[in-house]
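The structure appears right after this line, and notes come after that.
The values are calculated or read from the model by the stated rules, or taken from the named source; none is laboratory data. These figures come from a predicted structure and were not determined experimentally. Here Cβ is always computed from backbone atoms with ideal geometry, including for glycine, and neighbour counts include all displayed protein chains. Note: areas computed on protein heavy atoms with side chains; ligands, DNA, RNA excluded. Shrake-Rupley method; radii C 1.70, N 1.55, O 1.52, S 1.80 Å.
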Amino acid sequence: MLKNVFKRFSWLLGLALLITMLAACSEDDQTQGSANDSGDEGTSEFEGSLLAWAWDQNFNVAALEIAQNYFDEELKMEIVDSSSADIVQRLNAGLSSGTMKGMPNIVLIEDGRAQTFLRSYPNAFYPIGEYFNTDDFASYKIAPTSYDGKQYGLPFDTGVTGLFYRKDILEEAGYSEEDLQNITWGEYVDIAIEVKEKTGTAMISLDPNDLGIIRMMLQSAGSWYTTPDDEINIENNDALKLALENYKKLMDSEAVYMVSDWSNYIGSFNNGDAATVPTGNWMAPSIEQAESQAGLWRVAPIPRLDIDGAKNAANLGGSSWYVLNIDGKEKAAEFLGQTFGSNKDFYQDLVTEIGAIGTFKAASEGEAYQIEDDFFGGQKLIYKFSQWMEDIPQIDSGINTNGIEGILEAEMQNYLKGESLEDVLNNTQEQAENQFK
Amino acid sequence: MNKIKRIFTYVFLSIATFVSIFPFLWMCISMTNKSVDVTRGRLIPGSHLFENITNLFQNYNIITSIVNSLIVAVITTVLTLLIGSLAGYGFEIFRSKGKDVVFNILILSMMIPFAAIMIPLYRLFGRISATAPLFGIDTLAAVILPTVITAFFVFFFRQNTKMFARDLVEAGRMDGLGEIGIFFRIFVPSMKTTYAAAAIIAFMNSWNNYLWPLIVLQSPENHTIPLLISTLGAGYSPDYGVIMTAIVIATLPTALVFFLMQKHFVAGMMGSVKG
């Protein structure tokens, strides 16, 4: 009898034990404080060697290596190459547990994710506004890299976008290079339909799960899914309405080549299945790898939304350097300030050696930016991008962009199936408000 | 009639085989192609294999990563089997008042997703780092330790011990073997099949483990294979030829373990028949 009772309650007992364990953990968290009291917990004693985390061996990691040549002190630096998503995981684990052991002095964070970190762990990062002049950088980079009036990030590469297009295919459809300069997205869709009709080639390849094209449209008009005060801005957002109408018109036409993932996407234009690629400048190397298409590609300014004040400039991607609030922070900030923060010559090296376009405005005056790119018919690709970069409207993407886009992606399918635009926007607004307020 | 049925069976099986083998086949073909050909979906073997291999071995620490993965996987497998089978055996063979309670608590712990204990675990290893750096953050030991005691394997071995003839334990005791002797001399040899199956599962789990090593291993010289592959794909213009080469290399050990164990599967079966 007693045994039976015992048996029956054993589950309950187990549960109780677990709950106490969990409670013990959370209590521990409160008493331990946050990430900033690193001194007594971690062992990241500063011995003159800096640790940096970045991704892409041929790009960001290479940029850090070159930067060391431009720092006037002897510097020991270890650079760990990890993917951006991996860096986010590690940072989250380290900062949320307050265990700063092994955390880097310098870390690269994508602009779209930076606010989440800055707001969640306000004391974990070291403000570096004193080490460089924010006015020297493209203004659109400042909002995502600063928080609460303090500058935390040193703006690095730009995600300035352009309209890469196949000159030969567009000419076949009757469009000259001039016809593609400073067009609107509405005009782009019209051209798309024409190109498909006359040449049989799709205008663009799109992944239905990637709304990058909507982001570019929105930003060209200086608008976003949220307002600067973090209010959800969907229902009454005229720019978004126009963007979705353009998107639907494009998707309803035959002019879209559907892809399902990134390699598929790159393959589509390497294979000649898409006549244009409206995206960030970082796509250039992937376009250039199809050597047989050399000389056929050109780049024009990204289309803009047909709204007053909209610019033919938008951003997609890009990242910035951050300094963690641990031993060695002054040294790390000095290093960044002296190199990425102010050295024009260094940026020339970046362009010639790794093709990285920074957001340091004075850099575009240098010689390296004037290089003509044969793959693109002798266009001054780098210079063009650096000029468009300065026009990019500044927006505050807040912390909920990815979440809202997830909702929008699902609702978009209803819109494409024929639901009214108003209903779709209302539903998205409602869901987003429920989820993020 | 029977013949037609057979033809259909074979056609269906052929299609199913092709569908399941195709990704692997494509992976092997892609490792011989340039990145641009991989994205283009080329299905013919190319001549770029040597370049891909040199590129992979020169620019990335793939050998270190393989060695790390092997160390972790082998030690984890051995410890997991030892601890899991000892516990499973104990739970089934010995009588104790509270054993069902303990067992239930153990099973309950399977319900907690790893993501939920990740941060506390990381804190724990942060503390361990301060006193015993050899087992702390950024060591292979930190990857091995939390994964060797899993409720799943205790459960797995307890279930399988139910099929083990208890009389053998009694016989062993009569012949003067100690409890540990009984376990190692009688139980282990007659449960080879179970061990082989468990070894495959444990090895694969450890080899493919990503989230915990990702967080706890920071220095590149400690990275395991999945971390390296994740890094390879992180560039703005990833080299898919090189990635495919790395994945093929990473797949080999698990395939090898599986085929080795398959042999033991048969041997284990025969052993248990004899026993």
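Numbers at a glance
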quantity: Accessible area, probe 1.4 Å, largest first, for residues A:Asp327, A:Asp135, A:Asp308; calculated: A:Asp308, A:Asp135, A:Asp327
quantity: Cα long-axis angle, helix A:84-97 against chain A (0 to 90 degrees, to the nearest 10); calculated: 20
quantity: Residue pairs, from the table A:Lys141/A:Lys380; A:Lys196/A:Lys361; A:Lys329/A:Lys437; A:Lys198/B:Lys34, whose Cα atoms sit over 28 Å apart; calculated: A:Lys196/A:Lys361; A:Lys329/A:Lys437; A:Lys198/B:Lys34
quantity: Magnitude of the charge dipole, the range B:1-81, Cβ model with Lys/Arg +1 and Asp/Glu -1, debye to 20; calculated: 520
quantity: Shape category assigned to the range A:292-437 from the gyration tensor of Cα positions, a/c cut at 1.5; calculated: oblate
quantity: Rounded to 10°, Cα long-axis angle of helix B:62-93 versus longest principal axis of chain B; calculated: 20
quantity: Selection from B:Phe187, B:Phe135, B:Ile75, by position along the positive dipole direction of the range B:61-232 (Cβ); calculated: B:Phe187
quantity: Charge dipole of the range A:345-403 about the Cα centre (unit charges at C-beta), most positive-ward option of A:Ser386, A:Val351, A:Ala363; calculated: A:Ser386
quantity: Cut-off 15 Å between beta-carbons: net charge of the residues surrounding A:Phe385, Lys and Arg +1, Asp and Glu -1; calculated: -1
quantity: Amide H contacts under 5 Å for A:Leu51, placed H, 5+ residues apart; calculated: A:Glu78, A:Asn105, A:Ile106
quantity: Eligible aspartates and glutamates near A:Lys311 by straight Cα distance, threshold 15 Å, same-chain separation 8 or greater; calculated: A:Glu187, A:Glu390, A:Asp391
quantity: Chain B - charge dipole about Cα centre, Lys and Arg +1 at Cβ, Asp and Glu -1, debye rounded to 20; calculated: 880
quantity: Electrostatic dipole magnitude of the protein assembly as shown [Cβ: Lys, Arg +1; Asp, Glu -1; Cα centre; debye, to 20]; calculated: 5200
quantity: Computed [θ] at 222 nm, helices only, for the protein assembly as shown once each DSSP H run of length n ≥ 4 contributes -39500 (n - 2.57); calculated: -17500 deg cm²/dmol
quantity: Highest to lowest packing among A:52-58, A:371-377, scored as the average C-beta count within 10 Å; calculated: A:52-58, A:371-377
quantity: Sorted largest first, extent of the range B:1-109 alpha carbons per principal axis (Å); calculated: 66, 60, 20
quantity: Farthest toward positive dipole pole in the range B:61-232 [+1 Lys/Arg, -1 Asp/Glu at C-beta], among B:Met174, B:Ile200, B:Ile63; calculated: B:Met174
quantity: Where Rh is the Kirkwood radius over Cα pairs, Rg/Rh for the range B:131-275; calculated: 1.11
quantity: With Cα atoms, 0 to 90° folded angle of helix B:151-161 axis to chain B main axis; calculated: 60
quantity: Whether chain A is rounded, prolate or oblate, judged on the alpha carbon gyration tensor where a/c under 1.5 counts as rounded; calculated: oblate
quantity: Note, ³J(HN,Hα) from phi for the range A:367-377, Karplus 6.51, -1.76, 1.60, rounded to Hz, x at Gly and Pro; calculated: 5, 4, 6, 8, 4, 8, 9, 5, 4, 9, x
quantity: Dmax and Rg, reported as Rg then Dmax, of the range B:88-133 (C-alpha, Å); calculated: 15.6, 41
quantity: Whether chain B is rounded, prolate or oblate, judged on the alpha carbon gyration tensor where a/c under 1.5 counts as rounded; calculated: oblate
quantity: Cβ-derived FRET efficiency at R0 51 Å, B:Glu179 paired with B:Glu51, nearest 0.05; calculated: 0.30
quantity: Length-normalised contact order of chain B in % [C-alpha pairs under 8 Å, at least 6 apart]; calculated: 31
quantity: Counted charge near A:Asp230, where neighbours are those whose Cβ lies closer than 14 Å (Asp, Glu -1; Lys, Arg +1); calculated: -3
